[in-house]
1. Being among the hydroxyl-bearing types (Ser, Thr, Tyr), within 30 Å of VAL212 (Cα to Cα) and assigned to a loop (DSSP other than H, G, I, E, B) is true for just one of TYR106, TYR131. Which residue is that?
2. Go through the range 282-298 and report how many residues are open to solvent by 40 Å² or more (accessible area, probe 1.4 Å) and among the aliphatic types (A, V, I, L, M).
3. Identify, from the list ARG371, ARG295, the residue that is in contact with a Pro (Cβ under 9 Å, 6 or more places away or on another chain), farther than 23 Å from GLY247 by Cα, among the basic types (Lys, Arg) and touching a residue at least 40 places away in the same chain (Cβ under 8 Å).
4. Kindly provide the set of residues from the range 328-360 that are more than 12 Å from ASN376 (Cα to Cα), open to solvent by less than 60 Å² (accessible area, probe 1.4 Å) and of a type in the set (Lys, Arg), ordered by number.
5. Kindly establish whether THR222 is open to solvent by 10 Å² or more (accessible area, probe 1.4 Å) and among the β-branched types (Val, Ile, Thr).
6. Let me confirm something: among MET438, MET431, which residue is without any contact (Cβ under 8 Å) to a residue 40 or more places away in the chain, in contact with a His (Cβ under 9 Å, 6 or more places away or on another chain) and either under 16 Å from ALA485 (Cβ atoms) or open to solvent by less than 30 Å² (accessible area, probe 1.4 Å) (or both)?
7. With the requirement that a residue be touching a residue at least 12 places away in the same chain (Cβ under 8 Å), part of a loop (DSSP other than H, G, I, E, B) and either on the phi > 0 side of the Ramachandran plot or open to solvent by 80 Å² or more (accessible area, probe 1.4 Å) (or both), what does the range 138-172 give you?
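The values are calculated or read from the model by the stated rules, or taken from the named source; none is laboratory data. All values reported here derive from a predicted model rather than from experimental measurement. We place every Cβ from the backbone using ideal geometry, glycine too, and count neighbours over all the protein chains shown. Heavy atoms of the whole protein, side chains included, go into the accessibility calculation; ligands, DNA and RNA do not. Shrake-Rupley method; radii C 1.70, N 1.55, O 1.52, S 1.80 Å.
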Amino acid sequence: MSSQVRVRFAPSPTGYLHVGGARTALFNWLFARNKGGQFVLRIEDTDMERSSEESYRAIVEDMRWLGLDWDEGPKVGGDYGPYFQSERRPIYSEWCQRLLNEGKAYRCFCSQDDLKRMREELRRLGKDIKYDRRCRDLSSDEVSQRLDAGKPFVVRFKAPLSGQTIVEDIVKGNITFENSTLDDFILLKSDGYPTYNFACVIDDMLMKISHVIRGDDHLSNTPKQILIYRAFGATPPRFAHVPMIMGPDRTRLSKRHGATSVGQFREDGYLPEAMVNYLALLGWSYDDATTLFAREDLIAKFSLEKVSSTPAVFDYAKLQWLNGEYMKRRPISDRAHLVVPHLIRAGLVHEPLSAELKAYIGRVVDVVGERLKVGNQIVELADFFFKDEISYDEDVAGILKQHHVPAVLKLLEDRLEKLDGFAAASIEKVMRGLVSEMGLKTGQLFQPVRIALTGKKHSPDLLRIMEVLGKERVIARLKLARKKALEMQ
């Protein structure tokens, strides 16, 4: 095997790119970049019923969004293609025939009914449910007769009946499997398509993959794959099985915990640099307490020896905080551009956006400031900037019922009307003057005004909100709120 580091990410295009798969891709990518090696993208699309072009395109798009570029694979090419397993069937057939010729594999003619009866009998006897090898020692004449009769078959591997297979794992250490517990697993299905264990070995062998970095849910497959390598007289790659990603309740991360696909986080308004940073920290850690890593730092510092062997917990709050840190680093113009799709989706703005509206969105984002940690939060935080009318929930309407509210709002309307400019400083002078004049506490004026303008108890800086909304809309909303307050008196 070549001394050059060559790793691969081999997703199955049967759905979205899960964050667990993205983390595996990232670890492979970081390892390759750290070692000056090659990162290969291979598409394992032999599940013809579930694989789809749509899923393939989504996976590729999400990887590109994350910045995980590949050196060989679809749309890039390379010396070891094709990079779609569905295009490599003749290769698998050829290598499977080699095992048949050498007596290291055999044709199994058992039907599904045969296998069902066999499993039921083993279950009744309290034995392990695995293939009983009844076709393993068929004579060449018996095999020929069944082939001549057109009987369908699968090809099974002749697993050793004794001894041990040791998996030398970079993350988990050495793990020993007793060969007696292994089944005579299938290499080629009756439709001629390879099983996962066979196809990935052939591909990794021919593509000269030096390290297989994948989730530890594949660990049980590894002894079978090592046996296939040995059957061909090949040296297996080095294995590194990284821990699974769990939800906050320490069960396997799923949709019931929240978003799980890269595409969903992307749609929600997370930044690719934040996702990469966070995924890198799921199961990997550096010696110091650093949390924010530039991509170049991750490449320089990453090593498989620092990958934990225990499951990582996906912390949605930490990801949101981390994204907020990256959002703060973006200029206002970038943040404004990022929130536009969410405003459109919520029906708050409509395309095409005028230059004036774009500038207004920029001012809104500036006012919201560091409260905006994820793009889609703009709707919750700032929808009132884009609405013609404000509604009041029961929990905020109660504040408008206070007896002093109608009068103080009327006074404020009159004084704001007389302002020549409408800057935050001049608005503050008017409001604080009114508080002092009427002997009110600051909150007795500011809170009703906040609710009148936003419909919320909490918001960004009230004075800056008023400045951005402008005199006309502020006064119009104060009048509507005063009318509502009078109705509730």
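1. Exactly one of TYR106, TYR131 is among the hydroxyl-bearing types (Ser, Thr, Tyr), within 30 Å of VAL212 (Cα to Cα) and assigned to a loop (DSSP other than H, G, I, E, B), namely TYR131.
2. Residues flagged as open to solvent by 40 Å² or more (accessible area, probe 1.4 Å) and among the aliphatic types (A, V, I, L, M) within the range 282-298 amount to 3.
3. Among ARG371, ARG295, only ARG371 is in contact with a Pro (Cβ under 9 Å, 6 or more places away or on another chain), farther than 23 Å from GLY247 by Cα, among the basic types (Lys, Arg) and touching a residue at least 40 places away in the same chain (Cβ under 8 Å).
4. Residue satisfying the conditions is ARG330 alone.
5. Numbers: open to solvent by 10 Å² or more (accessible area, probe 1.4 Å): no; among the β-branched types (Val, Ile, Thr): yes.
Answer is no for this residue.
6. Exactly one of MET438, MET431 is without any contact (Cβ under 8 Å) to a residue 40 or more places away in the chain, in contact with a His (Cβ under 9 Å, 6 or more places away or on another chain) and either under 16 Å from ALA485 (Cβ atoms) or open to solvent by less than 30 Å² (accessible area, probe 1.4 Å) (or both), namely MET438.
7. Result: LYS151, PRO152, LEU161, SER162, GLY163.
For (1) farther than 17 Å from VAL364 by Cβ; (2) part of a loop (DSSP other than H, G, I, E, B); (3) modelled with pLDDT under 95; (4) of a type in the set (Gly, Ala, Ser), each residue gets a yes or a no:
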position: ASP388; (1), (2), (3), (4): no, yes, yes, no
position: VAL396; (1), (2), (3), (4): yes, no, yes, no
position: GLN447; (1), (2), (3), (4): yes, no, no, no
position: LEU463; (1), (2), (3), (4): no, no, no, no
position: ALA485; (1), (2), (3), (4): yes, no, yes, yes
